[in-house]
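The values are calculated or read from the model by the stated rules, or taken from the named source; none is laboratory data. Quantities reported herein were computed from a predicted structural model and do not represent experimental measurements. Counting neighbours? That spans all protein chains shown, and the Cβs are built from the backbone with ideal geometry, glycine included.
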Amino acid sequence: MIFELLVFFLLLSILVLIHELGHFLVAKRFNIKVEEFGFGLPPRAWGKKIGETIYSLNWLPIGGFVKLFGEDEAGGGRVQIRSAKLEVRSENKDRAFFSRPVHQRAAVVIAGVVMNTLLAILIYYVFLFISGFKTELPLIGDHKFAFVNQQNTTEIILSDIQDESPAKKAGITPISKVIAINNEPIDTMDEFLTLVKGNAGKEITITWLDLKSGKTQTSRITPRVNPPKNQGALGVGVSAIQTAVLSYDSPVQKTLSGIIHPFNLMVYNFEVLGKLLSMAIAERNVEPLSEGVSGPVGIFSLVGTILQLTDVKEKVLQILNLAGILSISLAVFNILPIPALDGGRFLFILVEWVTGKKLNPKIEGYAHQVGMMLLIGLILLITLKDVLTLF
């Protein structure tokens, strides 16, 4: 548990710090005063002032912030509204965020998104190099990934091994993938069911891959003629999972793979979320959508599952993949035009640039405060859902 926590916080810390470092470095480049560089959201647990900036650790470990001089309270991760007025002493006004030109404020705001995008690209170059520029993704529907060679396959997954069942006695473990029966490759659920039922009472040889250890094994097993109710001939749960095998083969594909792969992942994830949202609306039930979203607790649970893998290479690849998808997701989520997020701030700056008029800072300040409250509430709801799912 301690090791899983260390890996989880290290992963989260890198993603957050890289994001906030983008804001910090660009603000410093334009000589905008940085009042605080915080990990987590207030209230503050610890802080140390170095130069003109306070570096802090905060009690809510759900992100971070860079508080700029002359910025509203939400810029410091706070939900309380003390004052929406952005007033500073005249001698310091030239270093205030709100007094800088539009292009400088825009650059500061989107710098975090750019940093997370660059980090995801770097991670996926490493990931694909280690994996031989080939990877697999579970496939929902008939999605076609762009600028990569794709081959769709069906995997037969065995789970829920029943006690005293033929599968249990043969040493088959959940979660396992069926590779062949009697040396015949299994590509569809129909092939699997036909061979198992057609050999009821006869010994067959199953070649299977333990997805936790990464080891391929062979077991001799005799399907039951009259199995107990709801257990089946082998005493296992069986599911068919569509998988897209993606391979970057040409020199151009390999050169651009670190950019193409996270782009494909985001397009695919938005398509899946769209389908889940449509399902939730059609069924008037938010459960399908909520099951497709995870917060810190869900991510921690996934880290624990990855660290249980016995194959070191697969473990490294899965950690890299998780870091990559989190980094690019953080970038995409933050650029959404939602108040309190980078995208919301960028939208206000864009409106000012188009209209040529500075918006009322009081209105913008309140908008970001409300956005911050809604985001924290959403995170708490997702965390509660993850905790209930975990236990």
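Somewhere in the stretch 148-158, is a residue surrounded by 13 or more Cβ atoms within 10 Å (Cβ to Cβ), of a type in the set (Ser, Thr, Tyr), touching a residue at least 60 places away in the same chain (Cβ under 8 Å) and in contact with a strand residue (DSSP E or B) (Cβ under 6 Å, 6 or more places away or on another chain)?
Here is the first cut: in the stretch 148-158, the residues surrounded by 13 or more Cβ atoms within 10 Å (Cβ to Cβ) are 148-150, 153-158.
From the residues that got through so far, the ones that are of a type in the set (Ser, Thr, Tyr) too are 153-154.
Within this subset, residues satisfying the condition of being touching a residue at least 60 places away in the same chain (Cβ under 8 Å) are 153-154.
Filter again for in contact with a strand residue (DSSP E or B) (Cβ under 6 Å, 6 or more places away or on another chain), leaving 153-154.
Taking every residue of the stretch 148-158 in turn, at least one turns out to be surrounded by 13 or more Cβ atoms within 10 Å (Cβ to Cβ), of a type in the set (Ser, Thr, Tyr), touching a residue at least 60 places away in the same chain (Cβ under 8 Å) and in contact with a strand residue (DSSP E or B) (Cβ under 6 Å, 6 or more places away or on another chain).
Determine whether the stretch 59-67 contains at least one residue that is farther than 23 Å from ILE18 by Cα, buried (at least 18 other Cβ atoms within 10 Å of the Cβ) and modelled with pLDDT under 95. Step through it out loud before you land on a result.
Taking the stretch 59-67 and keeping what is farther than 23 Å from ILE18 by Cα, we get none.
Looking for residues that are farther than 23 Å from ILE18 by Cα, buried (at least 18 other Cβ atoms within 10 Å of the Cβ) and modelled with pLDDT under 95, one finds none in the stretch 59-67, hence no.
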**Request:** Of the numbered conditions (1) assigned to a strand (DSSP E or B); (2) crowded, with 19+ Cβ neighbours inside 10 Å, LEU137 fails exactly one; give the number of that condition.
**Result:** (2)
**Prompt:** In the set LEU359, LEU350, LEU380, LEU390, which member is out of contact with any helix residue (DSSP H, G or I) (no Cβ under 9 Å at 6 or more places or on another chain), among the hydrophobic types (A, V, I, L, M, F, W, C), over 23 Å from LEU119 (Cβ atoms) and surrounded by fewer than 19 Cβ atoms within 10 Å (Cβ to Cβ)?
**Reply:** LEU380
**Prompt:** Which of the residues spanning the stretch 25-70 are under 26 Å from HIS103 (Cα atoms), outside any strand (DSSP E or B) and not acidic (Asp, Glu)?
**Reply:** LEU25, VAL26, ALA27, LYS28, ARG29, PHE30, ASN31, ILE32, LYS33, PHE69, GLY70
**Asked** On the given criteria, is LEU119 among the hydrophobic types (A, V, I, L, M, F, W, C), surrounded by 18 or more Cβ atoms within 10 Å (Cβ to Cβ) and under 18 Å from GLN253 (Cβ atoms)?
**Response** no
**Fill in**
Pairing a residue in the stretch 12-41 that is on the phi < 0 side of the Ramachandran plot with any residue that is hydrophobic (A, V, I, L, M, F, W, C) and part of a loop (DSSP other than H, G, I, E, B), where Cβ atoms lie under 7 Å and the two sit 6 or more apart in sequence or on different chains, gives ILE32/PHE69; LYS33/PHE69; GLU35/PHE69
**Asked** Restricting the search to the stretch 26-44, which residues are under 27 Å from the mean Cα position of the chain (by Cα) and exposed (fewer than 15 other Cβ atoms within 10 Å of the Cβ)?
**Response** PRO43
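Just for the stretch 225-282: of the residues that are assigned to a helix (DSSP H, G or I) and among the charged types (D, E, K, R), which one is surrounded by the fewest Cβ atoms within 10 Å (Cβ to Cβ)?
Looking only at the stretch 225-282, we keep the residues that are assigned to a helix (DSSP H, G or I), and these are 251-282.
Remaining after also requiring among the charged types (D, E, K, R): 254, 271, 275.
Numbers: LYS254: 16, GLU271: 13, LYS275: 15.
Filtering the stretch 225-282 for residues that are assigned to a helix (DSSP H, G or I) and among the charged types (D, E, K, R), the one surrounded by the fewest Cβ atoms within 10 Å (Cβ to Cβ) comes out as GLU271.
Among the listed residues LEU330, LEU322, which satisfies the condition of being touching a helix residue (DSSP H, G or I) at 6+ places or on another chain (Cβ under 6 Å), crowded, with 16+ Cβ neighbours inside 10 Å and on the phi < 0 side of the Ramachandran plot? Spell out how you get there, then give the answer.
Numbers: LEU322 fails: touching a helix residue (DSSP H, G or I) at 6+ places or on another chain (Cβ under 6 Å).
None of the other options fit; the residue is LEU330.
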**Item:** Pair list, Cβ under 6 Å, 6 or more apart: the stretch 252-267 residue over 10 Å from ALA146 (Cα atoms), other residue small (Gly, Ala, Ser) and assigned to a helix (DSSP H, G or I)
**Value:** PRO262/ALA120
**Among (1) touching a helix residue (DSSP H, G or I) at 6+ places or on another chain (Cβ under 7 Å); (2) over 26 Å from ILE175 (Cβ atoms) - the single one SER250 does not satisfy** = (1)
